Amino acid sequence: MIEPTRPVLRGLGVLSAVLVAAISAALSPASAQNAQPLDQRILLGIGTHQGLGGPIGGRGYVPSIAVKQLKELGVTSFRDDFPWSDFEIPGHAFGFNPQLGRLEAQVKSGVGRPVLILGFGHHLVPNSDPPTTDEARRRFVNYAAAAAQAVAPQRPIFEMWNEYNLGARRNPDFNVENYVALAQAVQPAVKRVVPSAPFVVGVLGDDPGFKWTDALLKTDLLKIADGISIHIYNHCAAPAGRIAAEAMERLETFQKRVAQATGNPNYPVYLTETGWPTGEAKCSVNEQLSADNMAQMILWASTAGPWLKGIWIYELKDSGTKLTELEHNFGIYHFDNSPKPAVCSIRESWAFIRTSQTAERTKPVPGVVLIRSKSGSETKAALWSETPTKRFQVRLRGAESNAEVSHVCQQGSSPAPGAWTELSTTPLLVTSKGQTAFDFEIRPAN
């Protein structure tokens, strides 16, 4: 997201025989790089809007409700705005005030590790949107240091501005040089106050061809930063491209660019916004596909390398009630806080994979993703079709009597392990105790 507005930009051949996918309980060395459970290696978070709109806010966010929702989801983080103009009020010392009361309540609730955006200009400070002069940068640095001090006990992560690169579409001052100058001034001030807090740069919005990204990577900024973040959306692509597979591929492409530029294959990358809006706008997707995409992203995260530090879904609840207004419909809850299918999808997929110690991703047949993982004494597998138009059938051969098979958020009885069952974009989850070797048969259903 970008404040105050967000730009609205974001073959399978015939299978002639039954295709068999074998899952061995012994994972390859390439996938055995992690001994810690997934939820200790990455953060799973949700974007919220407590920091915008003052004491009430037009988006309908209420701290007590949001905290309850975040707890029920089981996520470990949230991301919100920490705007300069609301933290530095004329006639008052730096600090939380009624304007930021909702944000303060959520941060201090302890519901998750906060990712806080340091950014946006100040209406009383000349040349501050973005800061382009020494004086504007000095004033911004003072705000950033005071903001960091105010939340130090909550183990914050700080992002430097939000989708700064998109500002260049309306103002040439939003260029790489000004961004680097600001970040280089802010980083030491924040580190002096909270040395352990990661200072994350980039916070990149849509960047066709990664042109702005590549210009940033040519600077020395990443040497002093603790990571780089990006936002990935595809809801305004052609319908066939509004899938998690495209978002994952683009994230991996971005990571390779970062690794090459830094010489570090594990340079920290944060996906601090991704999501699929529902509703009735031209770029919307249906609620079930939105939910399936999010489940796939979470399950996929278990197979990413140590470079991935977290994923934050955008956003917790709808920011308005107009079904034809794209920006109103990114929530996983409706505006009235009733859940969309994504609520269950996120909760169940994260619960399934968060204890994973090792995981490996393959494509046993074109269009099908298979993730195998080991979680303590359990062997697990997750399978799904990458696209809504391609459906398959799958069954577990030589089924173990203790195998449990179900779709994410399945209603009704679970399929028997040896029976053919539908494989769609809704992930199929399989769990067995011990060192079980799973064999699947997969065949096209359409």
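Using a 10 Å cut-off on Cβ atoms, rank the peptides 118-124, 91-97, 320-326, 161-167 from the highest mean neighbour count down. Display every interim value, and only then the final one.
Working: 118-124: 18.6, 91-97: 11.9, 320-326: 14.9, 161-167: 22.6.
The most tightly packed comes first, giving 161-167, 118-124, 320-326, 91-97.
Give the percent of DSSP beta bridges with both residues in the chain that are antiparallel, rounded to the nearest 5. Walk me through the numbers on the way to the answer.
On the way: 39 of 72 bridges.
Bridges in the chain are about 55 percent antiparallel.
Amide H contacts for PHE78 (H built 1.01 Å from N in the peptide plane; partners 5 or more residues away or on another chain; cut-off under 5 Å): ILE46, ARG113, VAL115. Spacing of the modelled spin labels on VAL62 and GLU249, each 7 Å from Cα toward Cβ, amounts to 4.4 nm.
Could you tell me the relative contact order of the stretch 69-179? Use alpha-carbon pairs under 8 Å, at least six residues apart, and round to a whole percent. About 29 percent, as a whole number. Between ALA185 and ALA215, the modelled labels are 2.0 nm apart [label points 7 Å from Cα along Cα→Cβ]. Kirkwood radius, the stretch 225-338, all distinct C-alpha pairs, inverse of mean reciprocal distance: 14.8 Å. With the simple model of a label 7 Å out from the Cα in the direction of the Cβ, ILE89 to ASN127 spans 2.9 nm.
Based on protein heavy atoms only, the chain ends up with 39 Å² per residue of surface accessible to a 1.4 Å probe. Classified by the C-alpha gyration tensor, the stretch 77-137 has an oblate form. Its axis ratio a/c, with a ≥ b ≥ c, is 1.5 or above, and a/b does not exceed b/c.
Between GLN154 and GLU441, the C-beta separation translates, for a Förster distance of 51 Å, into a calculated FRET efficiency of about 0.55.
Would you please give the FRET efficiency between ALA416 and THR389, computed as 1/(1 + (r/R0)^6) with r the Cβ-Cβ distance and R0 = 22 Å, to the nearest 0.05? Rounded to the nearest 0.05, the efficiency is 0.20. Values of log10 I(q)/I(0) for the stretch 300-384 across q = 0.10, 0.23 Å⁻¹ run -0.37, -1.06, by the Debye formula with one identical scatterer at each alpha carbon and no solvent.
Looking at the stretch 170-211, which trypsin sites (Lys or Arg not before Pro) are DSSP coil and have at most 13 other C-beta atoms within 10 Å of their C-beta?
Values: sites: ARG170, LYS191, ARG192, LYS211; in loops: ARG170.
Passing sites in the stretch 170-211 are ARG170.
With 18 Å as the limit on Cα-Cα distance, the pairs of LYS71/LYS380; LYS363/LYS390; LYS68/LYS340; LYS218/LYS256 that go past it are LYS71/LYS380. Close amide-amide hydrogen proximity is noted between LEU43 and GLY310, ILE311, each under 5 Å apart and 5 or more residues distant or on a separate chain (H modeled in the peptide plane; Pro and chain starts excluded). What the Cβ-Cβ distance of THR324 and ALA237 gives, at R0 = 25 Å and to the nearest 0.05, is a FRET efficiency of 0.80.
Between beta-carbons, use under 15 Å as the cut-off and find the net charge around ALA152, counting Lys and Arg +1, Asp and Glu -1. Walk me through the numbers on the way to the answer.
Working: positive: LYS108, ARG113, ARG155, LYS191, ARG192; negative: GLU104.
Charge balance near ALA152 sits at +4.
The share of accessible area on the chain that comes from carbon and sulfur is 53 percent, using a 1.4 angstrom probe.
Applying the criteria of a DSSP loop state and at most 16 other Cβ atoms within 10 Å to the trypsin sites (Lys or Arg not before Pro) of the stretch 370-429 yields ARG391.
Backbone phi angles across the stretch 338-346, fed through the Karplus curve with coefficients 6.51, -1.76 and 1.60 (θ = phi - 60°), yield HN-Hα couplings of 6, x, 8, x, 4, 4, 5, 4, 5 Hz in residue order; Gly and Pro are listed as x. Between LEU370, VAL200, GLN411, the Cα set farthest toward the positive side of the dipole of the chain (charges on each charged residue's Cβ, about the Cα centre) is that of LEU370.
If the only charges are +1 at each Lys and Arg Cβ and -1 at each Asp and Glu Cβ, what is the size of the charge dipole of the stretch 289-359 around the Cα centre, to the nearest 20 debye? Mind showing how you got there, number by number?
Numbers: 6 positive and 7 negative charges, 55 e Å.
It comes to approximately 260 debye.
Net charge in the neighbourhood of ASP226 (other residues with Cβ under 10 Å of its Cβ; Lys, Arg +1, Asp, Glu -1) is +2. Calculate, in whole percent, how much of the Cα-Cα pair population of the stretch 136-261 lies beyond 24 Å. Distances greater than 24 Å cover 34 percent of the Cα pairs. At q = 0.12, 0.21, 0.26 Å⁻¹, what log₁₀ I(q)/I(0) does the stretch 150-208 have when each alpha carbon counts as one equal point scatterer in the Debye sum? Debye intensities relative to I(0), on a log10 scale: -0.33, -0.82, -1.04.
Just from its helices, what would the mean residue ellipticity at 222 nm be for the chain, if runs of 4 or more DSSP H residues each count -39500 (n - 2.57) and the sum is divided by every residue, rounded to the nearest 500 deg cm²/dmol?
On the way: 11 runs with 121 residues, N = 446.
Rounded to the nearest 500, the figure is -8000 deg cm²/dmol.
The values are calculated or read from the model by the stated rules, or taken from the named source; none is laboratory data. Here the structure is a predicted model, which is why all the values come from computation and not from measurement. Heads up, the Cβs are rebuilt from the backbone with ideal geometry, glycines too, and the neighbour counts pull from every protein chain shown. To get the accessible areas, we keep the full protein, side chains included, count just its heavy atoms, and leave off ligands, DNA and RNA. Shrake-Rupley method; radii C 1.70, N 1.55, O 1.52, S 1.80 Å.
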